Every structure is written in structure tokens, then in C-alpha cells.
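Undergrad: Questions regarding the structure given below will be posed in turn.
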Ligand code: SF4
């Protein structure tokens with residue numbers, strides 16, 4: 001598994017696979033071939049939702065405004081649902097894949113970054129940690145002793161995205177005329193509100209704040225993707241702001257959540273185009289549950305159980321973004337998943353000893369479920385909500 005730097009990337013929304021990944025591919029094209037007239041052919045999900053997700057915008061920002069963008073929606077035999085080809089001077093230069101969370105594969109070469117963690121899955125990690133008397137943050141520090149400054153930057157970026165999102169008002173671009181709701185939700189003065197509803201409202205407002213920032217092309221952290229970027233920050237911000245959890249504990253929680261995200265990235269997928277929203281929001285929910293369990297000081301078994309419950313109850317979640325935008329259902333879905341993450345930890349705290357399914361097993365099931373999904377439910381905006389919605 002790779003460094004947590006490869007999991008937690010900082011960049012502009014709305015989509016790690018459709019904006020951050022293509023941006024890195026375009027930067028590679030410039031480095032390798034110099035500035036010239038490029039043509040970029042998009043395939044699969046990049047062709048079907050690239051406009052709504054801003055792929056054309058980032059490619060032109062990096063390669064130049066005259067770059068020709070071709071949307072090839074006909075070719076279905078692809079190496080990956082997010083594939084593109086770059087041409088210049090009448091010849092094909094290279095093929096690239098945007099495989100999720102901003103990671104890319106260019107001409108068959110996975111990101112040049114080295115493998116940092118030798119363990120293959122959660123069971124191996126838990127065994128290594130137990131054998132060496134390590135917590136999960138200790139496991140991260142064992143292999144990446146210099147990762148905490150990066151986690152500090154990640155945490156600062158998350159906090160900034162929550163606070164910016166709580167202040168912002170107005171309508172998001174893209175054609176849905178969707179109003180930002182985080183501020184109104186946070187400030188809602190609800191009479192006779194049950195305490196559980198009040199806390200869920202705050203948690204939801206934090207998640208909406210980041211998800212709306214993401215939809216508005218603001219700077220967010222891939223956790224593990226841009227579309228699901230609100231879930232982990234919402235839970236961490238709530239614990240920091242409303243429960244006075246010290247920031248050093250938040251950084252440990254980020255490390256633990258990173259282990260969970262890395263296991264899924266290594267053994268399955270964090271790409272909505274490959275496995276539906278269960279791979280984005282489902283994995284973010286598992287990461288947030290693991291983070292919260294870490295903050296509670298639960299042991300590795302209970303942390304695993306928290307993450308497993310969170311992912312299990314997102315199985316089958318489809319990706320059907322209306323108009324190909326990362327707005328409906330994505331923004332509210334971040335709020336729902338943040339609440340679900342808290343519930344997963346509550347269940348795990350009480351039921352962990354009776355638990356039957358391992359995190360590695362649920363990751364395998366998530367991957368198989370994603371592979372079985374009709375392509376209409378994998379970030380193509382051709383099924384589900386995207387199909388029933390018609391422009392007014
Ligand atoms: S539905 Fe989920 S996976 Fe699809 S774009 Fe929205 S957040 Fe991403």
C-alpha cells in the first residue's frame with residue numbers, strides 16, 4: 001500500500017477522478033511533451049459525466065484553452081471506466097486511467113510513488129500491530145515516521161472547508177440551481193428539537209458545508225474522494241468543535257481512517273465509476289467510523305468492527321449523479337453517511353464481541369457488488385436519479 005499522502009490529496013472539487021486525476025494526467029503530458037496543441041479523447045464515465053464534473057475545464061486550464069476535447073461515449077471496451085487518450089501532432093501520445101481518489105495510471109504505469117506499507121489487508125495489519133504492540137496510528141508512524149506534518153495540513157484543509165462552507169450562501173453552478181444549505185441548517189432555530197436531532201443537525205451541517213464547497217470547486221481533501229469529502233471532516237470537526245477533542249487525537253484518527261481507506265484502495269476500489277457510490281461514500285463512512293472509534297480509544301478489533309458495519313450498510317449504493325454534477329444525491333448523502341458512521345461506532349461498541357464479518361470480507365463483497373452493478377449506476381448519469389430527473 002502507498003503512503004497516506006496518496007490517499008489524502010488536497011485539490012479543487014468537484015471530483016477526484018474527473019478533475020484531480022485528469023489534472024495530474026494533463027500535467028504529465030505537459031512535462032513529457034511540452035506545450036503544444038493537444039487533443040484529449042474521453043471514454044466511459046469521463047465522457048458521460050466529464051462536462052458536469054468539470055473534466056473539460058481542468059484539462060483546458062492545464063493544457064491551454066484551445067485543447068480539443070472529444071467525448072467518445074460509443075466505445076465500451078475499456079481498460080477502466082475512467083479512461084482517456086492524449087494526442088498531439090496527429091499521433092496518439094499515451095493512454096491514461098483515472099482510477100479513483102485522484103490516482104492515475106499512465107501507459108500501464110501506476111503512480112510513481114513507492115509502496116510504503118507491505119501488509120496486504122486489514123487482517124495482516126492487525127496481526128502486525130498486535131505482534132509489535134502498536135495501535136493503528138502507531139502502525140502508520142512505524143512505516144511513515146514523517147507523515148504527521150502532512151496530516152496536520154490535511155486537517156487544517158478540512159477545518160477550512162467546513163468553516164468556509166458554513167459561511168457560504170447562494171446557488172451552485174451547473175444547471176440545477178441548487179441552493180447551498182449548510183449555513184441555514186447550522187443556524188436553524190428549531191423549537192422542541194430532540195437533543196439527538198440537534199447533534200445530527202450540526203453533524204449534517206458540517207458535512208453539507210464541505211460537500212457544497214466541493215460542488216462549488218472549492219479546495220477539499222480526498223477522503224477518500226472529492227464526492228465523499230464531507231463525511232470524515234464532519235465527524236472530526238464535530239468531535240473537535242463540539243466535544244473538545246484535542247487536535248493530536250484528531251491526527252491519530254486521521255491516521256487510522258487512512259489505514260481503512262488504503263485497505264479498500266488496495267484490495268477493491270474507491271472509484272464511483274468502477275463500483276458505484278458504495279466505493280466513495282461507503283468507504284468514507286467506514287473511514288469516519290474508524291476515526292471516531294480511534295478517538296474513543298477502542299481497540300483494533302472494535303475499530304475494524306466499526307469500519308465493517310459502516311461499509312456493510314452502504315453496500316449496493318449506486319452512483320447516479322443528476323446532470324452529471326456532484327450535487328444530487330451527493331451533497332445530502334455526505335450528511336447521511338456522517339450520521340451512519342456515528343451509529344456504526346455505537347453498534348460496534350456494544351456488539352463487537354458478537355461480530356461475524358471481517359473488514360476484509362466486506363471489502364471483497366463491496367468490490368464484487370460494484371462489478372455486478374449495471375453501468376447506469378456507475379457514474380455515467382444514465383440510470384437512477386439521473387434518469388428520472390428532467391430539466392424544468
Ligand atoms: S453519487 Fe456518490 S460516487 Fe457518484 S458522484 Fe455522487 S458522491 Fe460520487
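The values are calculated or read from the model by the stated rules, or taken from the named source; none is laboratory data. Remember, it's a predicted structure, so these values are computed and weren't measured experimentally. So basically every Cβ, Gly included, is an ideal-geometry build from the backbone, and we count neighbours across all protein chains shown.
Undergrad: Filter region 107-117 down to residues that are in contact (Cβ under 8 Å) with a residue 60 or more places away in the chain and either under 22 Å from residue 229 (Cβ atoms) or surrounded by fewer than 21 Cβ atoms within 10 Å (Cβ to Cβ) (or both), then give me how many there are.
TA: Qualifying residue count, region 107-117: 5.
Undergrad: Continuing with this model, one more query. Part of a helix (DSSP H, G or I), assigned by TED's automatic domain parsing to the domain that holds residue 334 and buried (at least 18 other Cβ atoms within 10 Å of the Cβ): is that true of residue 137 in this structure?
TA: yes
Undergrad: Name the one entry in 261, 227 that is within 15 Å of the ligand (Cβ to nearest atom), farther than 28 Å from residue 145 by Cβ, crowded, with 24+ Cβ neighbours inside 10 Å and at pLDDT 95 or above.
TA: 227
Undergrad: Consider region 207-224. How many of its residues are touching a strand residue (DSSP E or B) at 6+ places or on another chain (Cβ under 9 Å) and not in a loop (DSSP other than H, G, I, E, B)?
TA: 7
Undergrad: Scan region 276-284 and give yes if some residue there is outside any helix (DSSP H, G or I), modelled with pLDDT of 95 or more and within 16 Å of the ligand (Cβ to nearest atom), otherwise no.
TA: yes
Undergrad: Could I ask something else about it? Among helices (runs of 4 or more DSSP H) lying entirely in region 1-62, which contain 1 or more residues that are closer than 25 Å to residue 375 by Cα and under 19 Å from the mean Cα position of the chain (by Cα)? So that I can check it myself, show each step before the final result.
TA: Numbers: elements: 4-7, 21-33, 44-53.
Fully inside region 1-62 and qualifying: 21-33, 44-53.
Undergrad: Here is a further query. Within region 307-326, can you find the residues that are more than 8 Å from the ligand (Cβ to nearest atom), assigned to a loop (DSSP other than H, G, I, E, B) and in contact (Cβ under 8 Å) with a residue 60 or more places away in the chain?
TA: If the condition is that a residue be more than 8 Å from the ligand (Cβ to nearest atom), assigned to a loop (DSSP other than H, G, I, E, B) and in contact (Cβ under 8 Å) with a residue 60 or more places away in the chain, then 325 is the only one that fits.
Undergrad: Moving on to the next point. Only one of 267, 217 is within 15 Å of the ligand (Cβ to nearest atom), under 19 Å from the mean Cα position of the chain (by Cα) and surrounded by fewer than 22 Cβ atoms within 10 Å (Cβ to Cβ). Can you tell me which?
TA: Of 267, 217, the one residue that is within 15 Å of the ligand (Cβ to nearest atom), under 19 Å from the mean Cα position of the chain (by Cα) and surrounded by fewer than 22 Cβ atoms within 10 Å (Cβ to Cβ) is 217.
Undergrad: May I pose another question? What are the pairs, 6+ residues apart or on separate chains, where a residue within region 225-246 that is part of a loop (DSSP other than H, G, I, E, B) has its Cβ under 6 Å from a residue that is surrounded by fewer than 24 Cβ atoms within 10 Å (Cβ to Cβ)?
TA: Close Cβ pairs (under 6 Å, with a partner that is surrounded by fewer than 24 Cβ atoms within 10 Å (Cβ to Cβ)) amount to 245/239; 245/295.
Undergrad: Continuing with the same structure: Any idea which residue in region 8-56 is surrounded by the most Cβ atoms within 10 Å (Cβ to Cβ), counting only those that are under 23 Å from residue 208 (Cα atoms) and away from the ligand (no atom under 16 Å from the Cβ)?
TA: 8
Undergrad: Take the residues in region 154-193 that are assigned to a helix (DSSP H, G or I) and without any contact (Cβ under 8 Å) to a residue 40 or more places away in the chain, then tell me which one is nearest to residue 257 (Cα to Cα).
TA: 156
Undergrad: Only one residue in 100, 108 is on the phi > 0 side of the Ramachandran plot and under 20 Å from the mean Cα position of the chain (by Cα). Which one? Outline the logic, then answer.
TA: Details: 108 fails: under 20 Å from the mean Cα position of the chain (by Cα).
When all the criteria are applied, what remains is 100.
Undergrad: Could you go through region 353-369 and let me know if any residue there is more than 13 Å from the ligand (Cβ to nearest atom), closer than 23 Å to residue 239 by Cα and either touching a residue at least 24 places away in the same chain (Cβ under 8 Å) or part of a helix (DSSP H, G or I) (or both).
TA: No, region 353-369 contains no residue that is more than 13 Å from the ligand (Cβ to nearest atom), closer than 23 Å to residue 239 by Cα and either touching a residue at least 24 places away in the same chain (Cβ under 8 Å) or part of a helix (DSSP H, G or I) (or both).
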